[in-house]
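Asks: Before I ask anything, let me first share the structure, which is written out below as structure tokens.
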Amino acid sequence: MRVISGSAKGRSLKAVPGISTRPTTDKVKEAIFSMIGPYFDGGQVLDLFAGTGGLGIEALSRGMDKAVFIDIEKKSIDTIQHNLQVAGLKDQAEIYRTDAARALKALAKREQQFQLVFLDPPYKMKVIVDLIKAMETQAIVVTSTTIVVEHDAKDVLDDIIGGFKQQRRADYGDTAVTIYKQSIGDE
């Protein structure tokens with residue numbers, strides 16, 4: 001795993017020890033950023049179920065101003081800290097060890113909003129719809145927010161979740177990536 005493009009291009013990222021996480025492959029990461037970017041002119045990114053932090057780090061490298069990384073596993077938190085250090089992006093990041101629902105409540109209390117959200121829960125957890133609705137209810141997302149969901153290719157997600165409409169879905173073996181944007185103004 002490595003940072004593919006931007007200010008930290010080519011830096012190697014460490015994987016989380018053990019088999020509890022499933023890092024996004026470089027191929028899938030490249031595809032995600034070609035769908036949503038490839039580069040950004042500032043903004044904040046939220047990396048929920050961050051694992052290695054690879055997606056949030058890639059977004060920072062490609063121009064996002066700030067990233068918030070959330071994971072409940074200590075090994076993941078340690079790996080994210082290491083990877084941010086290697087990429088030279090530690091000053092642009094906040095890292096929290098907590099579960100996703102609790103993190104969203106805390107971020108809402110601090111009135112933080114994100115233009116980009118990566119949502120990559122363990123495939124056995126069926127929390128995608130609830131978390132997207134919670135982000136909307138708690139005003140963590142804005143009209144221009146893009147939500148990138150990485151999930152099991154066998155799962156078919158709803159076309160519309162709350163105020164978000166599915167823009168695109170792409171399958172890469174056992175993994176699928178589904179992109180959501182606000183449906184305001186859509187006919």
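The values are calculated or read from the model by the stated rules, or taken from the named source; none is laboratory data. This one's a predicted model, so the numbers in the text were calculated from it and none came from an experiment. Neighbour counts run over all protein chains shown; Cβ positions are idealised from the backbone, glycine included. Keep in mind that these areas ignore ligands, DNA and RNA; they rest on the heavy atoms of the full protein, side chains included. Shrake-Rupley method; radii C 1.70, N 1.55, O 1.52, S 1.80 Å.
Asks: Going through the stretch 53-70 one residue at a time, which ones are under 12 Å from Ile36 (Cβ atoms) and in contact with a strand residue (DSSP E or B) (Cβ under 7 Å, 6 or more places away or on another chain)?
Replies: Residues satisfying the conditions are Leu55, Ala59, Met64.
Asks: Further question: Residue check, Tyr39 against (1) touching a residue at least 60 places away in the same chain (Cβ under 8 Å); (2) within 19 Å of Ser7 (Cα to Cα); (3) aromatic (Phe, Trp, Tyr), all met but one. Which one?
Replies: Unmet for Tyr39, out of (1) touching a residue at least 60 places away in the same chain (Cβ under 8 Å); (2) within 19 Å of Ser7 (Cα to Cα); (3) aromatic (Phe, Trp, Tyr): (1).
Asks: Shifting gears a bit: Looking at the stretch 80-107, I want the residues that are of a type in the set (Gly, Ala, Ser) and have a partner that is assigned to a helix (DSSP H, G or I) with Cβ atoms under 6 Å, at least 6 apart or on another chain. Which pairs are those?
Replies: Sorted first by the residue in the stretch 80-107, then by its partner, the pairs are Ala87/Ile57; Ala93/Leu84; Ala100/Leu131.
Asks: Shifting gears a bit: In contact with a strand residue (DSSP E or B) (Cβ under 8 Å, 6 or more places away or on another chain) and part of a helix (DSSP H, G or I): is that true of Val129 in this structure? Please lay out each step first, then the result.
Replies: Details: in contact with a strand residue (DSSP E or B) (Cβ under 8 Å, 6 or more places away or on another chain): yes; part of a helix (DSSP H, G or I): yes.
Yes, satisfied.
Asks: So, one more: Step by step: first the residues of the stretch 168-181, then only those that are under 21 Å from Thr137 (Cα atoms) and of a type outside the set (A, V, I, L, M), then the one that is most open to solvent (accessible area, probe 1.4 Å). Which residue is that? Talk me through it step by step, then tell me what you get.
Replies: Initially, the stretch 168-181 is screened for residues under 21 Å from Thr137 (Cα atoms), giving 178-181.
When the remaining residues are screened for being of a type outside the set (A, V, I, L, M), the result is 178, 180-181.
Working: Thr178: 1, Tyr180: 0, Lys181: 78 Å².
That would be Lys181.
Asks: I'm trying to understand the selection: among the residues of the stretch 139-151, which are surrounded by fewer than 15 Cβ atoms within 10 Å (Cβ to Cβ) and either closer than 15 Å to Phe118 by Cα or touching a helix residue (DSSP H, G or I) at 6+ places or on another chain (Cβ under 8 Å) (or both)? Please lay out each step first, then the result.
Replies: First, pick out the residues of the stretch 139-151 that are surrounded by fewer than 15 Cβ atoms within 10 Å (Cβ to Cβ): 139, 142-144.
Listed by number, the residues that qualify are Ala139, Val142, Ser144.
Asks: Which of the residues spanning the stretch 165-175 are touching a residue at least 24 places away in the same chain (Cβ under 8 Å) and more than 18 Å from Asp47 (Cβ to Cβ)?
Replies: Of everything in the stretch 165-175, those that are touching a residue at least 24 places away in the same chain (Cβ under 8 Å) and more than 18 Å from Asp47 (Cβ to Cβ) turn out to be Arg168, Ala170, Tyr172.
Asks: State which residue pairs qualify: first residue on the phi > 0 side of the Ramachandran plot and inside the stretch 147-163, second residue open to solvent by 10 Å² or more (accessible area, probe 1.4 Å) and of a type outside the set (A, V, I, L, M, F, W, C) in any location, beta carbons under 6 Å apart, and separation of 6 or more residues or different chains.
Replies: Sorted first by the residue in the stretch 147-163, then by its partner, the pairs are Gly162/Lys133; Gly162/Glu136.
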